[in-house]
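Each remark here refers to the structure printed beneath this line.
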Amino acid sequence: MDPSNQKHFTVADYVIFAILLAASMGIGLYYALSGGRQRTTQEFLLADRNMHCLPVSLSLIASFQSAVAIIGVPAEIYTHGTQYWFIGCAYILGLFIPAHVFIPVFYRLRLSSAYEYLELRFSKAVRICGTLTFIFQTVIYMGVCVYTPAFALNAVTGFELWGTVLATGLVCTLYTTLGGLKAVIWTDVFQTVVMFAGQLAVIVVGIQKTGGVSEVWRKAQEGNRISGLDLNPDPTERHTFWTLGIGGIFLMLSLYGVNQSQVQRYISARTEKEAVRSCYMVFPSLQLALAMSCVMGLVMFARYCGEDHSDKLGTSSRDAMVIYFVMDMLQGLPGLPGLFVACLFSAAL
């Protein structure tokens, strides 16, 4: 049976999805009613500068892992092969430099934002320009991030896109405004676990249904989806070690060095040492997240051998193949489709 014709969650799927939203709201309410109840700017925006490195590191991962990455990376591997995997090489310097260059500056100045540094270093005009640029970029980025899980939920349940986008925005806004940065960080911890669990479920079931690890590897090799190290200096190539390794470092610096979402998490740590440690702890988790996304793409290829079924979901985007694949793999397994959609929403939230 064509999985794209199956548009209904089971009761277990709805329960799992509801638990995700309820837990996120519950964390927000807890921090709204505990401690200082978010009555001071330092508590609301900086979590009283009292966070340990583990929750901060998991929060850093959650803010980096969007639903776009969970959908887009497997689609990239499915279509073009594993060359993209080499972006993981950029994570080394991309985290080492922020840990020892950016974090000490932000933390020792006792700043509340990256833009405060711009004003101290340059002028108020530069601060305003930096702030407006970040707001503009973030609003556009949020639109894409929220649309992706909304499309997935529409594909598997038939829910209207506008309703899903509205629900996502309301839940996120409520727990953020009620619980402040503490709620944001601890919901990120919970959502990171859900993200990994959802991807792992799809990979395990997918490998089982495609004949095992050896069969997945065989089909990926026959389909030329296993890529070696490409040292071609041609900048017009889609992906090479140079564009991914060197370009990826600058991407990581923009995300983990000066991005306000990350800076605010760093300076919420108890000490500078804890902030640096949280940055280092991100590395293995990012590598794991990248590996899981790439393996999902290879399992997809072993299942469909490059065929495009995205049109069955009413779109021409190859990214929709990931949704089709998840529906195909998880149909008839109560709870697992809900877990994967919860995984996407966790990344979006």
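The values are calculated or read from the model by the stated rules, or taken from the named source; none is laboratory data. Because the structure is a prediction, the values reported are computed rather than measured. Positions of Cβ are generated from backbone atoms using ideal geometry, with glycine treated the same way; all protein chains shown enter the neighbour counts. Surface areas here come from the heavy atoms of the whole protein model, side chains and all, with no ligands, DNA or RNA. Shrake-Rupley method; radii C 1.70, N 1.55, O 1.52, S 1.80 Å.
Mind counting the residues in the stretch 92-110 that are surrounded by fewer than 20 Cβ atoms within 10 Å (Cβ to Cβ) and either of a type in the set (A, V, I, L, M) or closer than 17 Å to L251 by Cβ (or both)?
Adding up the residues that qualify gives 7.
Which ones in the stretch 200-212 are open to solvent by less than 100 Å² (accessible area, probe 1.4 Å), out of contact with any Leu (no Cβ under 8 Å at 6 or more places or on another chain), outside any loop (DSSP other than H, G, I, E, B) and of a type outside the set (G, A, S)?
L200, I203, V204, I207, K209
For Y280, indicate whether it is of a type in the set (S, T, Y) and surrounded by 17 or more Cβ atoms within 10 Å (Cβ to Cβ).
Criteria not met by Y280.
Looking only at the stretch 97-130, count every residue that is within 29 Å of I246 (Cβ to Cβ), assigned to a helix (DSSP H, G or I) and without any contact (Cβ under 8 Å) to a residue 60 or more places away in the chain and tell me the total.
7
Step by step: first the residues of the stretch 150-178, then only those that are surrounded by 12 or more Cβ atoms within 10 Å (Cβ to Cβ) and of a type in the set (G, A, S), then the one that is farthest from the chain's Cα centre (by Cα). Which residue is that?
Within the stretch 150-178, the match that is farthest from the chain's Cα centre (by Cα) is G163.
Return only the number of the condition from (1) open to solvent by 30 Å² or more (accessible area, probe 1.4 Å); (2) in contact with a helix residue (DSSP H, G or I) (Cβ under 7 Å, 6 or more places away or on another chain); (3) under 18 Å from A269 (Cα atoms) that M25 does not satisfy.
Single failed check for M25: (3).
Taking interchain pairs and intrachain pairs at least six residues apart, which have beta carbon atoms under 8 angstrom, with the first residue in the stretch 147-169 and touching a residue at least 60 places away in the same chain (Cβ under 8 Å) and closer than 19 Å to A12 by Cα and the second of a type in the set (D, E, K, R) and open to solvent by 60 Å² or more (accessible area, probe 1.4 Å)?
A155/K7; V156/K7; T157/K7; G158/K7
Report whether or not L54 is open to solvent by 50 Å² or more (accessible area, probe 1.4 Å) and within 30 Å of G297 (Cα to Cα).
It is true that L54 is open to solvent by 50 Å² or more (accessible area, probe 1.4 Å) and within 30 Å of G297 (Cα to Cα).
Exactly one of (1) within 24 Å of A90 (Cβ to Cβ); (2) of a type in the set (D, E, K, R); (3) not in a helix (DSSP H, G or I) is unmet by R265. Its number?
It fails just one condition, (3).
Can you tell me which residue within the stretch 1-41, out of those that are assigned to a loop (DSSP other than H, G, I, E, B) and within 19 Å of A197 (Cβ to Cβ), is modelled with the highest pLDDT?
T10
Only one of (1) surrounded by fewer than 18 Cβ atoms within 10 Å (Cβ to Cβ); (2) of a type in the set (D, E); (3) touching a residue at least 12 places away in the same chain (Cβ under 8 Å) fails for D234. Which number is that?
Only one criterion in (1) surrounded by fewer than 18 Cβ atoms within 10 Å (Cβ to Cβ); (2) of a type in the set (D, E); (3) touching a residue at least 12 places away in the same chain (Cβ under 8 Å) is unmet by D234, namely (3).
Does P74 satisfy the condition of being in contact with a Ser or Thr (Cβ under 8 Å, 6 or more places away or on another chain), at pLDDT below 85 and not in a loop (DSSP other than H, G, I, E, B)?
The answer is no for P74.
Considering only residues that are open to solvent by less than 90 Å² (accessible area, probe 1.4 Å) and within 24 Å of the chain's Cα centre (by Cα), which ones fall in the stretch 237-251?
Of everything in the stretch 237-251, those that are open to solvent by less than 90 Å² (accessible area, probe 1.4 Å) and within 24 Å of the chain's Cα centre (by Cα) turn out to be H239, T240, F241, T243, L244, G245, I246, G247, G248, I249, L251.
Exactly one condition in (1) closer than 26 Å to A197 by Cα; (2) open to solvent by 20 Å² or more (accessible area, probe 1.4 Å); (3) in a helix (DSSP H, G or I) is false for K273; which is it?
(1)
Working carefully through the options Y115, Y141, Y147, find the one that is crowded, with 17+ Cβ neighbours inside 10 Å, under 30 Å from V322 (Cβ atoms) and of a type in the set (F, W, Y).
Answer to the check: Y147.
Restricted to the stretch 252-270, and to residues that are within 20 Å of I135 (Cβ to Cβ) and open to solvent by 50 Å² or more (accessible area, probe 1.4 Å), which residue is farthest from the chain's Cα centre (by Cα)?
Top of the filtered list is V258.
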